[in-house]
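Scroll down for the structure; my scribbles are underneath it.
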Amino acid sequence: MSLPDVIIRTHRPGDMGLIIHQHGVLYSNEYGFDDRFEALVARITADFLENFDSAMERCWIAERVDKFLGSIMLVKDKEHENAAKLRLLAVSAESRGLGLGSTLVQEAIRFAKEAGYTSIVLWTQSSLVGARKIYAKAGFQLMDTTEQELWGHEVTSENWKLELSK
């Protein structure tokens with residue numbers, strides 16, 4: 001990665017508020033998503049904290065000199081046995097194109113393998129072109145798409161999956 005002095009660490013008190021804020025502002029400014037999207041992110045982060053299993057789940061924060069640059073989560077997927085779910089990948093606009101998103105995804109994949117998961121699933125939108133490129137490069141496969149109205153827009157939701165080798 002080309003960003004000097006960037007550290008990737010696990011979450012600590014106050015980080016969920018930063019994740020909610022970053023997602024709310026970023027997705028409103030770049031995609032026009034309304035505040036229902038921010039509410040979704042708040043529910044995801046609250047669920048993470050209330051049900052956190054340190055042996056099977058993680059949240060990583062990327063920062064430089066105490067400046068929040070981005071985040072990603074890996075949680076148990078309650079719908080698929082022995083699968084993890086990738087959640088809330090975001091990288092600040094000024095940090096994009098330097099490999100930080102890929103670094104966060106690779107950290108999550110590494111942890112998922114160590115935790116014994118056999119696959120990782122994720123849900124995203126077709127308009128998130130940069131994130132979709134990161135997922136494809138990491139080996140995720142697009143499983144299906146759904147047209148729907150979310151956050152004040154017609155969107156194409158996508159489900160992706162990565163099979164993990166043992």
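The values are calculated or read from the model by the stated rules, or taken from the named source; none is laboratory data. Bear in mind that the values here come from a model prediction, so they are computed numbers and not experimental data. Because the Cβ atoms are built from the backbone with ideal geometry, glycine has one as well, and the counts that use them run over all protein chains shown. The accessibility values were calculated without ligands, DNA or RNA, using every heavy atom of the protein model including side chains. Shrake-Rupley method; radii C 1.70, N 1.55, O 1.52, S 1.80 Å.
Structure above, values below:
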quantity	calculated
The chain, relative contact order [Cα under 8 Å, separation at least 6], %	20
Positive-end residue, the chain charge dipole about Cα centroid, Cβ charges, pick of Ile7, Trp160, Tyr27	Ile7
Relative contact order, percent, the stretch 1-71 [alpha-carbon distance under 8 Å, six or more residues apart]	47
Three-way shape label, the stretch 102-166, alpha-carbon gyration tensor, a/c 1.5	prolate
Surface accessible to a 1.4 Å probe, per residue, for the residues of the chain, Å²	53
Selection from Leu18, Ala39, Ser54 lying farthest towards where the dipole of the stretch 1-77 points positive, charges on Cβ	Ser54
Relative contact order of the stretch 112-166, pairs being alpha-carbon contacts under 8 Å that are 6 or more residues apart, as %	49
Net length gained if the chain between Ser92 and His80 were fully extended (0.36 nm per residue, minus Cα distance)	1.2 nm
Accessible area of the stretch 1-53 belonging to carbon and sulfur atoms, whole % at 1.4 Å probe	52
Cα shape, the stretch 1-49, gyration tensor, a/c 1.5 rule	oblate
Within the chain: Cβ-based charge dipole about Cα centre, in debye rounded to nearest 20 (Lys, Arg +1; Asp, Glu -1)	640
Of (1) 68; (2) 50; (3) 46, the label for percent of Cα pairs over 21 Å apart derived from the coordinates	(3)
Residue among Ile109, Leu69, His80 farthest towards the positive dipole end of the stretch 40-115, charges placed on Cβ	Leu69
Of the trypsin sites (Lys or Arg not before Pro) in the stretch 92-142, those whose Cβ has at most 14 other Cβ within 10 Å and which sit in DSSP loop	Arg96
Percent accessible area from carbon and sulfur atoms, the stretch 73-148, protein chains only, probe 1.4 Å	50
Check: the stretch 78-120 dipole with +1 on Lys, Arg Cβ and -1 on Asp, Glu Cβ, in debye	40
Cα gyration tensor shape for the stretch 77-116, rounded if a/c is under 1.5, else prolate or oblate	oblate
